[in-house]
Amino acid sequence: SAVISQKPSRDICQRGTSLTIQCQVDSQVTMMFWYRQQPGQSLTLIATANQGSEATYESGFVIDKFPISRPNLTFSTLTVSNMSPEDSSIYLCSVVGTGGIGELFFGEGSRLTVL
Amino acid sequence: QQPVQSPQAVILREGEDAVINCSSSKALYSVHWYRQKHGEAPVFLMILLKGGEQKGHDKISASFNEKKQQSSLYLTASQLSYSGTYFCGTPTGPGTYKYIFGTGTRLKVLA
């Protein structure tokens with residue numbers, strides 16, 4: 001298993017500002033992912049955070065809006081830029097377990113409310 | 001295309017059984033099931049692989065019909081701790097760890 005810590009756990013932000021979410025894993029992992037969960041909805045993959053190279057974004061998500069850093073194998077950040085109320089969501093960091101079956105472990109999430 | 005789950009929500013009494021279905025319009029390479037309690041992170045329950053092999057939870061079972069592109073999660077003798085939202089997830093392609101998750105099923109178990 002993997003223990004994932006995210007900061008902040010929640011925040012209230014003003015429209016037009018940016019917020020950076022941190023994700024720390026207790027072991028080195030190759031793959032880290034960022035998901036978004038809009039209120040009452042399912043999880044949607046934003047991007048794969050690649051160590052040593054640019055993140056890989058899914059359709060509908062762009063680097064200018066969600067810049068991602070991955071400086072090492074245990075840490076990543078996701079920035080939500082120029083926020084609007086539509087960005088109010090839970091943002092979750094996730095890693096693949098080492099059990100060989102591809103299970104995902106998630107952080108507790110960062111709940112953002114944009115006013 | 002996101003897998004569709006049914007029912008959207010279900011309420012049970014302790015000890016009752018429930019079935020949650022996950023249906024995809026695209027090929028399913030494998031199916032994961034996760035449970036998310038309110039305000040918490042999703043937690044992995046089990047994985048179903050092609051060929052019927054299951055790995056995961058010992059109190060919850062599931063099936064995987066590759067031809068019908070469907071999976072079902074069986075919760076028997078429900079406990080209060082089973083309450084939460086259940087998501088199926090499937091890789092977006094073979095050999096990838098990028099997953100697309102189903103629409104979710106909210107399950108509440110009452111005493």
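The values are calculated or read from the model by the stated rules, or taken from the named source; none is laboratory data. Just so it is clear, the model here is predicted, and its values are computed rather than measured. FYI the Cβ positions are ideal-geometry reconstructions off the backbone, even for glycines, and counts take in every protein chain you see. Note: accessible area is taken over every heavy atom of the protein model, side chains too, but ligands, DNA and RNA are not part of it. Shrake-Rupley method; radii C 1.70, N 1.55, O 1.52, S 1.80 Å.
Kindly evaluate A:R36 against the criterion of being under 23 Å from B:G93 (Cα atoms) and among the basic types (K, R). Yes: the conditions hold for A:R36.
Yes/no matrix, rows are residues, columns are (1) at positive phi; (2) surrounded by 15 or more Cβ atoms within 10 Å (Cβ to Cβ); (3) away from chain A (no Cβ under 11 Å):
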residue	(1), (2), (3)
B:K26	no, no, yes
B:I47	no, yes, no
B:Y82	no, yes, yes
B:P91	no, yes, no
B:L107	no, yes, yes
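Just one of (1) open to solvent by 10 Å² or more (accessible area, probe 1.4 Å); (2) within 14 Å of chain B (Cβ to nearest Cβ); (3) part of a loop (DSSP other than H, G, I, E, B) fails for A:S53. It is (2). Condition check for B:E14 on (1) open to solvent by 50 Å² or more (accessible area, probe 1.4 Å); (2) within 14 Å of chain A (Cβ to nearest Cβ); (3) at pLDDT 95 or above: one failure, at (2).
Pairs meeting the criteria (first residue in the range B:74-88 and at pLDDT below 95, second residue of a type in the set (D, E, K, R) and assigned to a helix (DSSP H, G or I), beta carbons under 8 Å, at least 6 apart or on different chains) are lacking. Filtering the range A:71-115 to residues that are within 13 Å of B:V43 (Cα to Cα) and open to solvent by 10 Å² or more (accessible area, probe 1.4 Å) leaves A:V96, A:G97, A:E103, A:F105, A:F106, A:E108.
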